[in-house]
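S.K.: My questions all concern the structure below.
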Amino acid sequence: MTHNIHELDRLSIFDPYKNWKNWGPYLAERQWGTVREDYSENGDAWEFVSHDKARSNAYRWGEEGIAGFCDARQILCLAPAFWNGKDPILKERLFGLTNNEGNHGEDVKELYYHLASSPTHSYCKYLYKYPQNAFPYSELLQKNKRSREESEYEILDTSCFDDDAYFDCYIEYAKADVDDILMKITIVNRAPKTASIHVLPHLWYRNFWKHNTNFSRPNMKPMSKDSVEARSTRNGRYFFYHEGGNQLFCENETNNALIYNTENNVKYVKDGINDYIVSGKYTINPEKTGSKLAIWHHFTLAAGQEKSIRVRLSKSKKEQPFSDFESIFDLRKKDCKAFYNDIVSKHISKPHQDIVKSAFAGLLWTKQFYYYDVFKWLFGGPGETTPHRNNPRNYSWQHLTNRHIISMPDKWEYPWYAAWDLAFHMASFVEVDPYFAKEQLLLVLRENYMHPNGQIPAYEWNFSDVNPPVHSWAVWNVYEKDKKRYGQGDVDFLEKAFQKLLINFTWWVNQKDQNGTDLFEGGFLGLDNIGVFDRNHMPPGITRMQQADATSWMAMFTLNMLRMSLELARKNNAYEEAASKFFRHFLNIAWAMHHIGKKDISLWDDEDNFYYDVIEMESGATDRLKVRSLVGIIPMFAVDVINKELFDQLKEFKARAVEIVKTRPDLASLIYKIEETNAEGNYLFSVMRDYRLDHILKHLLDENEFLSDYGIRSLSKYHEKHPFVFLYHGHHQIQYEPGESQSNMFGGNSNWRGPIWLPLNYMIIQSLRKYHEFYKDTYTHEFPTGSGNKLNLNQIANELSKRLIKLFERNSDGKFQYHSDDHNKVYETNEHFKNLHLFYEFFDGDTGKGLGAAHQTGWTALIGNLIMELENNK
């Protein structure tokens with residue numbers, strides 16, 4: 001294989017002064033409406049800093065922008081702003097509705113696309129579509145005041161893009177060196193008539209000086225009419241070069257007079273440039289100095305005409321900053337193309353290659369500088385007054401100090417890391433940047449992230465929420481893929497992760513298995529409204545719930561830990577002790593899943609042949625909640641294949657495992673043929689024996705239940721005509737809902753009662769491939785159920801992959817399936833839309849329509865993995 005030496009070399013540099021990832025697309029796309037910027041008394045995060053206040057409020061914890069770039073400490077920021085001459089404000093940030101304003105929760109109401117990024121961000125490209133008519137802020141707000149039963153009112157439902165009356169704004173970055181950033185903004189008039197636009201590249205400092213008296217306010221001032229010097233005690237001097245345009249200066253300080261009706265600390269505040277351009281007010285500094293700068297361009301374009309604006313930000317002075325500008329761009333574009341040509345097989349079709357590259361581009365664009373010091377947020381910094389809060393959020397997480405570049409689910413809808421999302425992100429990141437994947441997995445296990453009791457932080461709205469324990473799965477997945485690529489495993493990474501995961505495992509055992517019976521709770525576990533009621537707040541009279549998914553996740557966690565300890569024992573025999581412990585714990589969990597309470601009830605229902613949650617009443621009675629959901633499929637994930645050669649090598653572990661099986665055959669009997677190997681000498685570790693796997697697959701692959709044309713539904717379609725009703729201290733009901741949520745449980749902006757979710761579909765496919773690794777062609781199953789068409793499990797995994805990939809393929813109308821409700825036919829007929837990919841949070845279980853966040857290339861980037869793995873498993 002021919003390697004792209006340039007980008008691969010850049011990826012492997014870790015020297016902080018030579019690291020090509022020092023600059024990147026690390027600005028949030030929304031800093032307003034976040035918990036970390038919320039200083040309200042009652043925790044009203046969405047209202048405290050609104051979109052309208054954002055242009056006037058200097059943030060405490062981070063910055064935002066459209067297609068923004070910044071350094072890894074977010075000291076200096078670079079991003080464009082636009083104005084069509086008709087809007088009441090500059091377009092400095094993306095607009096969307098808050099959780100309270102949207103009929104299905106928060107929702108960005110803009111059109112933008114992540115087109116390209118190399119792993120080191122040596123080249124990046126982004127597209128923003130800006131209407132030439134007034135942006136419909138009020139219309140979007142008013143028209144979304146509708147019931148949950150109605151679909152969301154989107155920007156393409158307005159008339160602002162009619163007759164192609166918009167600009168395509170392409171923002172590109174290329175690096176000449178680690179601290180030498182080139183930015184090009186290309187504006188294309190897509191309208192059939194002449195139109196004018198204002199374009200303002202912005203350079204500004206995050207306000208780090210207000211809350212830290214060790215630092216003075218940085219300053220920018222002109223060196224000439226086309227250059228500016230930026231100077232800070234935090235990062236020294238930078239030189240900013242531009243071609244033409246007018247230099248406008250103000251300070252990145254809050255407009256207190258406007259927001260709080262108190263005196264401003266400085267004369268020229270954050271919204272000064274906006275007010276000067278839009279309203280003609282004298283709100284910029286006539287002395288041309290400040291911590292915020294914009295270069296103001298105003299030009300008119302004929303129909304179809306385009307114009308580019310070029311700027312350069314460098315640590316070193318340049319005599320001719322634009323002489324090599326285009327050649328550097330050309331070189332970095334070639335490097336980016338060569339990198340992806342190297343990792344994406346040429347045997348994959350061109351449309352599928354485009355999906356993979358778009359997915360990974362979005363994944364790389366959704367990195368973000370995330371800064372949140374909970375202790376300072378709760379009590380203020382040195383010399384500051386303690387903020388008044390009635391019920392301080394995250395009070396028990398005072399140790400948590402986050403100040404890193406972290407992978408986000410979606411930098412507008414979810415501009416904060418989420419523990420289980422991040423684990424899935426790394427399954428994709430390892431394909432493009434294994435260094436970053438390993439770094440991120442270790443990051444959230446650090447002492448300033450992980451709670452002293454061992455819990456991994458969930459997300460800023462409530463760090464104590466419980467997400468599925470998938471971190472161990474991600475660590476092992478990344479380790480294996482990295483080992484396969486480079487020929488040897490990164491044992492140092494694996495050992496570091498294992499040691500911290502031991503603490504996390506102990507937290508689960510102590511906190512979520514309170515009776516010590518190896519049966520686990522956990523609450524909602526990231527699956528939001530998948531239960532008949534909120535599993536964090538059960539009806540009175542129910543003392544506990546034994547969750548099929550929590551217990552199965554823990555079986556998987558245990559198996560992952562067993563696998564890691566066996567791998568580490570290859571070089572250090574001391575890990576055989578840990579391997580024996582996790583082997584026994586795995587057997588214990590499998591046994592416990594079928595022996596609950598006084599009646600020895602099982603999570604497995606012999607009548608329905610499915611796994612269900614079991615509730616225990618105050619009386620001691622137990623009952624199953626017969627909801628056919630992904631909760632009952634998750635036991636499939638607790639599977640691995642281990643070769644006997646490893647057992648033979650680790651003699652101490654083998655002897656102890658044999659002793660456990662001999663003394664407790666009742667435990668071993670629940671695990672598939674634990675004492676037998678297949679023809680290749682492999683053992684199968686799985687909590688499901690043959691007949692249970694067979695019955696689960698009958699449900700899973702039934703088109704009248706879980707199997708959709710576009711993947712596996714989160715809830716069986718059986719519940720469309722047969723809702724599950726639980727009458728106990730009220731009426732609780734769950735019914736199949738293929739699209740947007742009809743429930744406002746957990747905010748209501750996601751739905752696990754029918755739609756298709758990529759991450760769990762990916763785990764189902766991975767599990768099927770594991771089973772096939774053991775069974776080979778000796779095990780086949782109907783696909784679909786009832787068809788008579790028998791396939792082996794690898795073939796079934798391929799067929800499921802193909803159905804998921806169909807979401808991103810063109811349908812008979814010529815548009816991508818996830819645009820199935822595109823009634824304006826924009827994505828069907830418009831050449832400037834039809835090839836642009838979006839990566840939705842989830843998909844309609846019947847039509848494949850994209851739903852939820854539209855830029856969630858966090859875990860929806862797994863579509864790239866599926867395409868690449870399908871090619872490898874043909």
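S.K.: What base-10 log of the normalised intensity I(q)/I(0) is obtained for the stretch 816-874 from the Debye formula, alpha carbons as equal point scatterers, at q = 0.26, 0.28 Å⁻¹?
M.R.: For the stretch 816-874, the Cα-only Debye profile gives -1.09, -1.13.
S.K.: Moving on. Given a 1.4 Å probe, how much area per residue of the stretch 512-621 is accessible, in Å²?
M.R.: Details: 3490 Å² over 110 residues.
Ligands and nucleic acids excluded, the result is 32 Å² per residue.
S.K.: Shifting gears a bit: What's the carbon and sulfur percent of the chain's accessible surface, probe 1.4 angstrom, rounded to a whole number? Walk me through the numbers before you get to the answer.
M.R.: Values: 14670 of 31570 Å².
With neighbouring chains kept in place, the figure for the chain is 46 percent.
S.K.: Further question on the same structure: Counting heavy atoms of the protein chains only and a 1.4 Å probe, report the per residue accessible area for the stretch 668-777 as a whole number of Å². Mind showing how you got there, number by number?
M.R.: Working: 3950 Å² over 110 residues.
Heavy-atom SASA per residue in the stretch 668-777 reads 36 Å².
S.K.: Now for a separate question. Straight-line reach from K626: which lysines have a Cα under 19 Å away, not including same-chain ones fewer than 8 places off?
M.R.: Filter leaves K599, K698, K717, K721.
S.K.: Taking Cα atoms of the stretch 91-244, Rg/Rh with Kirkwood Rh, to two decimals?
M.R.: Numbers: Rg = 19.9 Å, Rh = 18.9 Å.
With Rg and the Kirkwood Rh in hand, the quotient comes to 1.05.
S.K.: To the nearest 10 square angstrom, how much accessible area does R93 have with a 1.4 angstrom probe?
M.R.: Accessible area, nearest 10 Å²: 20 Å².
S.K.: Can you pull out the GluC sites (Glu not before Pro) in the stretch 361-458 whose DSSP state is coil and whose Cβ has at most 15 other Cβ atoms within 10 Å?
M.R.: Numbers: sites: E384, E413, E431, E439, E447; in loops: E384, E413, E447.
Sparse-neighbourhood loop GluC sites (Glu not before Pro): E384, E447.
S.K.: Now for a different question. For the full complex of protein chains and a 1.4 angstrom probe, list K770, K281 by accessible area with the highest value first. Don't skip to the answer; put the middle values down first.
M.R.: Values: K770 50, K281 110 Å².
Ranked from most to least accessible, the order is K281, K770.
S.K.: Further question on the same structure: Could you order E831, E243 by accessible surface area, starting with the largest, using a probe radius of 1.4 Å? Mind dumping the intermediate values first?
M.R.: Numbers: E831 135, E243 80 Å².
These residues rank, largest area first, as E831, E243.
S.K.: Now, a different point. Checking the cross-link filter: which aspartates and glutamates have an alpha carbon closer than 13 Å to that of K337, excluding same-chain neighbours under 8 positions apart?
M.R.: The qualifying aspartates and glutamates are E7, D354.
S.K.: What Kirkwood Rh does the stretch 376-525 have if only Cα atoms enter the pairwise 1/r average? Answer in Å.
M.R.: On the way: mean 1/r = 0.0598 Å⁻¹.
Taking the inverse mean of 1/r over all distinct Cα pairs, the stretch 376-525 comes out at 16.7 Å.
S.K.: Going through the stretch 276-382, which GluC sites (Glu not before Pro) have at most 14 other Cβ atoms within 10 Å and a DSSP loop state? Provide the component values of the computation, followed by the final result.
M.R.: Working: sites: E287, E306, E319, E326; in loops: E287, E319.
In loop regions of the stretch 276-382 (DSSP not H, G, I, E or B), the sparsely surrounded GluC sites (Glu not before Pro) are E287, E319.
S.K.: Express the accessible area of the stretch 131-251 per residue in Å², computed with a 1.4 Å probe while the remaining protein chains stay in the model.
M.R.: Values: 4610 Å² over 121 residues.
Here the residues of the stretch 131-251 average 38 Å² of exposed surface.
S.K.: Semi-axes, largest first, in whole Å: what does sqrt of 5 times each Cα gyration tensor eigenvalue give for the chain? Intermediate values should be presented prior to the final figure.
M.R.: On the way: eigenvalues 446, 165, 159 Å².
Result for the chain: semi-axes of 47, 29, 28 Å.
S.K.: Can you tally the net charge around T847? Count Lys and Arg as +1, Asp and Glu as -1, for every other residue whose Cβ sits under 10 Å from the Cβ of T847.
M.R.: Numbers: positive: K849; negative: D709, D821, D844, D846.
Charge balance in the 10 Å sphere: -3.
S.K.: For the stretch 248-354, go through all pairs of different Cα atoms, get the mean of 1/r, take its inverse, and jot down that Kirkwood value in Å. Numbers along the way, then the final one.
M.R.: Values: mean 1/r = 0.0538 Å⁻¹.
One over the average 1/r among Cα pairs gives 18.6 Å for the stretch 248-354.
S.K.: Ignoring everything except DSSP H segments at least 4 long, calculate the 222 nm mean residue ellipticity for the chain; use -39,500 (n - 2.57) per segment, divide by total residues, nearest 500. If you can, show how the numbers build up before the last one.
M.R.: Values: 24 runs with 262 residues, N = 874.
-9000 deg cm²/dmol, from helical runs alone.
S.K.: First obtain the Kirkwood hydrodynamic radius of the stretch 498-599 from its Cα pairs, then insert it into the Stokes-Einstein equation at 4 °C and 1.567 mPa s, and state the resulting D in µm² per second as a whole number. If you can, show how the numbers build up before the last one.
M.R.: On the way: Rh = 14.8 Å.
Rounded to a whole number, D works out at 88 µm²/s.
S.K.: For K193, list the lysines whose Cα falls under 19 Å from its own Cα; do not include residues on the same chain fewer than 8 positions away.
M.R.: K86, K129, K307
S.K.: While we're here: Using label points projected 7 Å from each Cα along Cα→Cβ, tell me how many nm separate H823 and Q320, to one decimal.
M.R.: 5.8 nm
S.K.: Still on this model: Report the Cα-based extents of the stretch 503-556 along its three principal axes, largest first, to the nearest Å.
M.R.: 30, 23, 16
S.K.: How compact and how long is the stretch 327-390, expressed as Rg and Dmax of its alpha-carbon atoms in Å?
M.R.: Rg and Dmax of the stretch 327-390, Cα atoms, are 22.2, 62 Å.
S.K.: Let me ask something else about it. Within the stretch 13-77, list the GluC sites (Glu not before Pro) lying in a DSSP loop whose Cβ has at most 13 other Cβ atoms in a 10 Å radius. Write down the numbers at each step before the final one.
M.R.: On the way: sites: E29, E37, E41, E47, E63, E64; in loops: E29, E37, E41, E63.
Loop-located and lightly packed - E41.
S.K.: Mind pulling the per residue volume of the convex hull built on the Cα atoms of the stretch 698-760? Å³ is fine.
M.R.: Here the figure is 106 Å³ per residue.
S.K.: Quick check of the Kirkwood formula: for the stretch 771-874, what is the inverse mean of 1/r over all pairs of different Cα atoms, in Å?
M.R.: Numbers: mean 1/r = 0.0650 Å⁻¹.
Over the stretch 771-874, the inverse of the mean reciprocal pair distance is 15.4 Å.
S.K.: Leaving out ligands, DNA and RNA but keeping every protein chain, what accessible area does C250 have, in Å² rounded to the nearest 10, with a 1.4 Å probe?
M.R.: The accessible area of C250 comes to roughly 0 Å².
The values are calculated or read from the model by the stated rules, or taken from the named source; none is laboratory data. Computed from a predicted structure; not experimentally measured. Using ideal geometry, Cβ is built from the backbone for each residue, glycine included, and neighbour counts are taken over all protein chains shown. Surface accessibility is based on the protein's heavy atoms, side chains included, excluding ligands, DNA and RNA. Shrake-Rupley method; radii C 1.70, N 1.55, O 1.52, S 1.80 Å.
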